[in-house]
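No value in this document is a laboratory result; all are computed from the given coordinates. Owing to the predicted nature of the structure, the values given are computational and were not obtained by experimental measurement. Here the Cβ positions follow ideal geometry from the backbone for every residue, glycine too, while neighbour counts run over all protein chains shown.
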Amino acid sequence: MQNDFLQLNKKNKTFPIKNLLSFGTAVLRKKKILKSRHEARLLMSKELKSNELFITLHDNLEISKEKKVFFLKNIYKRYCGKPISRIFGKREFYSRDFFINKFTLDPRPESEFLVDISLELISRIKKKNISVLDLGTGSGCLIISIILEAQKKLKKIINASGVDYCEKSVEVAKKNKKRFNLGGNLKFYKSNWFSNVKNKFDIIISNPPYIKSEDIEVLPDTVKLYDPLLALDGGINGLDSYQNIQKDVDKYLNNFGFLCLEVGDDQNEAVKKIFTNNSLRLFRQYSDYSGVVRNIVFQLGKKDLKK
Ligand SMILES: C[S@@+](CC[C@H](N)C(=O)[O-])C[C@H]1O[C@@H](n2cnc3c(N)ncnc32)[C@H](O)[C@@H]1O
């Protein structure tokens with residue numbers, strides 16, 4: 001590490017990638033960051049607008065002083081605990097890169113399951129054009145993935161809306177819409193759950209804030225310092241969002257339409273109780289690999305669909 005540091009401190013115009021990488025790796029390792037070499041390479045690939053393979057194969061190249069400074073600044077940010085996705089301003093979700101910023105949740109891999117379930121529901125609906133609403137859309141990663149996958153795999157056209165109470169988050173979702181060249185069949189706008197929603201939908205999805213207020217304090221720093229509170233805090237018992245959504249959901253679902261939710265640990269029974277009123281019935285629930293129910297689907301109307 002000391003050798004690398006001396007190499008990097010020279011008054012040179014260019015600096016060897018190899019030394020920067022081993023110095024960066026050593027710094028991250030000091031913070032006990034797993035896969036520190038991989039992360040150092042990722043941060044270097046950002047500087048070179050390249051990829052890890054290129055960096056590995058060309059670590060004999062040298063980079064400018066400006067790039068060296070940016071790289072070391074990012075190593076420092078990572079050392080201080082900032083997640084890589086927050087440094088990059090991007091997160092991969094369902095094999096696509098989405099812009100994120102401090103106003104949006106950093107999308108979680110487990111939420112990809114909401115996309116899979118939505119596609120399954122879409123494939124059951126015997127219409128070519130299907131309408132989907134995403135409540136609490138954040139970066140828009142869920143609804144954009146659903147539209148693109150439904151087009152690709154099911155040849156279905158999705159007319160969709162994504163709403164969020166956070167205006168800045170809506171701006172990020174719009175940026176992602178542009179990134180994926182999506183047109184008039186997708187609208188993002190501000191809404192306090194259904195307050196600005198005008199239409200009815202075949203499917204409503206939501207990954208709402210569901211963490212108990214008192215648990216926020218004990219979340220890992222990577223979550224509590226970087227994800228917005230509005231995206232996490234589900235009130236005293238973590239169920240506020242579900243209760244608010246339940247008040248109006250049946251007015252915004254087409255008959256036999258589906259409501260597809262992500263739920264937190266141990267919220268399964270409580271959420272089922274909230275939603276199975278006169279008009280909604282439990283359609284199906286989905287557990288993760290450890291057997292914990294993570295997603296629940298309800299259906300409006302009483303008719304059973306053929307399974
Ligand atoms: C857990 S995040 C989910 C974000 C995104 N759907 C995802 O899965 O990555 C919850 C989202 O709900 C939004 N939200 C919180 N309260 C809301 C409300 N009253 N009306 C609409 N959206 C709300 C937050 O701003 C946040 O973007």
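In sequence order, region 249-255 has phi-based couplings of 4, 5, 6, 10, 10, 5, 4 Hz under the Karplus curve 6.51 cos²θ - 1.76 cosθ + 1.60, θ = phi - 60°, and Gly or Pro positions carry x. Rounded to 0.05, the FRET efficiency of the residue 251 and residue 222 pair, given R0 = 35 Å and the Cβ-Cβ distance, is 0.35.
No solvent, one uniform scatterer per C-alpha: report log10 I(q)/I(0) for region 4-130 via the Debye equation at q = 0.16, 0.18 1/Å, two decimals. Debye intensities relative to I(0), on a log10 scale: -0.82, -0.97. Could you give the length gained by full extension between residue 70 and residue 277, i.e. 0.36 nm per residue of separation minus their alpha carbon distance, to one decimal place? Fully extending the segment from residue 70 to residue 277 adds 69.0 nm.
Comparing 45, 104, 144 along the charge dipole axis of the chain, the residue lying farthest to the positive side is 45, per the Cβ-charge model. Modelled spin labels at residue 53 and residue 243, positioned 7 Å past Cα toward Cβ, are 5.3 nm from each other. For the residue pairs 68/168; 46/90; 18/73, the alpha carbons lie more than 20 Å apart in 68/168.
Shape of region 90-300 from the C-alpha gyration tensor: rounded (a/c under 1.5, with a ≥ b ≥ c the square roots of its eigenvalues).
A simple charge model with +1 on the Cβ of Lys and Arg, -1 on the Cβ of Asp and Glu and nothing else charged puts the dipole of the chain at about 1240 debye relative to its Cα centre.
Over region 2-81, Cα pairs under 8 Å with separation of 6+ residues give a relative contact order of 37 percent.
The Rg/Rh ratio for region 209-307, using Cα coordinates for both the radius of gyration and the Kirkwood hydrodynamic radius, is 1.02. At full extension, residue 168 and residue 290 could sit 40.4 nm farther apart than now, given 0.36 nm per residue minus the alpha carbon distance. So what is the relative contact order of region 156-201, in percent, for Cα pairs below 8 Å that sit 6 or more residues apart? Worked out over region 156-201, it gives 49 percent.
The mean sequence separation of alpha-carbon pairs under 8 Å and at least six residues apart, normalised by the residue count of region 90-300, gives a relative contact order of 18 percent.
Taking the DSSP beta bridges with both ends in the chain, the antiparallel portion is around 45 percent. Per-residue ellipticity at 222 nm from helix content only, as computed over the chain with -39500 (n - 2.57) for each DSSP H run of at least four residues, stands at -11500 deg cm²/dmol. What's the angle, to the nearest 10 degrees (0 to 90), between helix 167-179's Cα axis and the longest principal axis of the chain? Approximately 80 degrees, to the nearest ten. Distances between placed amide hydrogens fall under 5 Å for residue 254 paired with 201, 202, all partners being 5 or more residues away or on another chain. Between residue 230 and residue 34, what FRET efficiency follows from the Cβ-Cβ distance if R0 is 30 Å, with the result rounded to 0.05? FRET efficiency, residue 230 to residue 34: 0.50.
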